[in-house]
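The values are calculated or read from the model by the stated rules, or taken from the named source; none is laboratory data. Because the structure is a prediction, the values reported are computed rather than measured. Methodologically, a virtual Cβ is constructed for each residue, glycine included, from the backbone with ideal geometry; neighbour enumeration extends over all protein chains shown.
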Amino acid sequence: MLLPEIELSDTLYQVISEMDVKSKFQRSENMSRIHGKDTKPEMIVRSFLHRHGFRFRLHSKVLPGHPDIVLPKYRTIIEVRGCFWHRHPGCKFTTTPASNLEFWQKKFHENVRRDEAQSVELRKLGWDLLVIWGCETSRKSFPPPSLLDFVRKAKEITQ
Ligand SMILES: [Zn+2]
């Protein structure tokens, strides 16, 4: 049973390096792009907003958690979160690997705690936070009701 262990540790090593890389390069939009910050789900949400005439800033470096999409006019932040890493409640993608359970649980716990802290901080600063889950950007589910609701309200404000 040596091989699976080697494979697992390689995978873990990759996961850890990716996370390390991700946090380090969140400050650099250019590098972030290379390391998968501009993920497909995020691009789907961005093009949707763009089509609807919204203006937004990307990967704010000054706001808590360096949010993905910032809509200053509506004082709204849109975060596109991967279901697996950010533990979308009740989602089929929110699986937990059977091996190295402790490692994963700790990691997931940290991610969720960080997301909650970010949400609290943003609200304190008077921002609304809209979370779009990765699974909500699939062809079947997009756009999710939460996003349509935001668009509807935003258009009411500007009218
Ligand atoms: Zn999900």
* Structure fact -> Of those in segment 107-127 that are of a type in the set (D, E, K, R) and surrounded by 11 or more Cβ atoms within 10 Å (Cβ to Cβ), the residue farthest from V62 (Cα to Cα) is K107
* Structure fact -> Scanning segment 64-91 for residues that are surrounded by fewer than 13 Cβ atoms within 10 Å (Cβ to Cβ) and either within 11 Å of the chain's Cα centre (by Cα) or not in a loop (DSSP other than H, G, I, E, B) (or both) gives P72, K73
* Filter segment 92-105 for residues that are loosely packed, with under 11 Cβ neighbours inside 10 Å and part of a helix (DSSP H, G or I); which is nearest to the ligand (Cβ to nearest atom)? -> L101
* **Enumeration of residues in segment 124-159 that are in a helix (DSSP H, G or I), more than 16 Å from the ligand (Cβ to nearest atom) and in contact with a strand residue (DSSP E or B) (Cβ under 7 Å, 6 or more places away or on another chain)** => F150
* Does R113 fit the bill of being out of contact with any Cys (no Cβ under 7 Å at 6 or more places or on another chain), closer than 15 Å to I44 by Cβ and free of Cβ contacts under 8 Å to residues at least 12 places away in the same chain? -> no
* If you check R55 against the conditions, is it away from the ligand (no atom under 16 Å from the Cβ) and modelled with pLDDT of 95 or more? -> no
* What are the residue pairs meeting all of these: first residue in segment 39-64, first residue more than 18 Å from D149 (Cβ to Cβ), second residue hydroxyl-bearing (S, T, Y), Cβ atoms under 8 Å, and 6 or more apart or on different chains? -> K40/T137; P41/T137; H59/S32
* Asked: How many residues, within segment 20-52, are at pLDDT 85 or above and of a type in the set (D, E)?
  -> 1
* **Subset of segment 85-110 [under 19 Å from L130 (Cα atoms), out of contact with any strand residue (DSSP E or B) (no Cβ under 7 Å at 6 or more places or on another chain) and touching a residue at least 12 places away in the same chain (Cβ under 8 Å)]** => W85, H86, R87
